[in-house]
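The values are calculated or read from the model by the stated rules, or taken from the named source; none is laboratory data. This one's a predicted model, so the numbers in the text were calculated from it and none came from an experiment. We place every Cβ from the backbone using ideal geometry, glycine too, and count neighbours over all the protein chains shown. To get the accessible areas, we keep the full protein, side chains included, count just its heavy atoms, and leave off ligands, DNA and RNA. Shrake-Rupley method; radii C 1.70, N 1.55, O 1.52, S 1.80 Å.
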Amino acid sequence: MAADQQSAGMRWARWSAVIIIVIIGTAAFVLSFAALRDLAILANTPKQWAWLFPVIVDGTIIQATISALVLAACPERRWFLWVLGIGAMVSIAGNSLHAVAAGRILPWWAAALVAAIAPISLLVDTHGLAMLFRAAQRNSIPLPEPVADVAVAPVTAATASVAAPAVPRRGAVSARRDPAKVARAVTMHDDGKTYAEIGKALGVSARTAANYVRNPSPKPAPVAAAAPVPAAPIPVSAQRPVMAPIRPIHPARPVQQALPIAVPVRSN
């Protein structure tokens, strides 16, 4: 019960504060509007256009306030905070100058300052609008998705060789084609059974039964050739030394044949 009364009191306090702020803000705007309008008239501004001066000053303040709230997480927020502070100082100085003038025409330097506020506000508001568009475009561009880190395995002598394709297992062929069913299908076909009757008895389709009868022994699946594995380099210690060819040796001088010499033989 006490918690409900406390929450009800907090809601009443919040709504009361909001209503009071709205009333005070409206009253302050009306009084400031009237003072700045009279100040523009004292600065030699035509009466039919004098109401534009408070619109320029208070409009700049409102634009800076809204932009500072919208761009709370952007670097452009600092610019609008400066504009908000300077605009508030101009409004306060204008209201104070209006009270000091007391209905008298302003001197030339004060009238010149009042007249310069309008073009300066135009430049400031235009630059602020450009900064708002730039911040909106930057926030609308999607950020790139982070790329996941891919682990790269180190290249070694074992992984450098090309892996051979896997050889199909024998169990896969036997699971799809039961030799007992094939033999029974051949026997039933020899007995005069049709393919439909054979397939119904074996629990397969008629096309499969016909395949059993026509091809009782299936052809083995072709085995893909293994990729060539690069040969390992032969160590230097195992290599045979390469010997240079042996050239024939020629004599420096040609060999001369001995001439036949007649030897006298004595007869006894």
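Observations on the model:
- With all protein chains modelled, accessible area of V186 [1.4 Å, Å²]: 40
- Cβ-Cβ FRET estimate between W51 and F133, R0 fixed at 30 Å, reported to 0.05: 0.55
- Coordinate range along principal axes, alpha carbons of region 1-84, Å, largest first: 65, 34, 14
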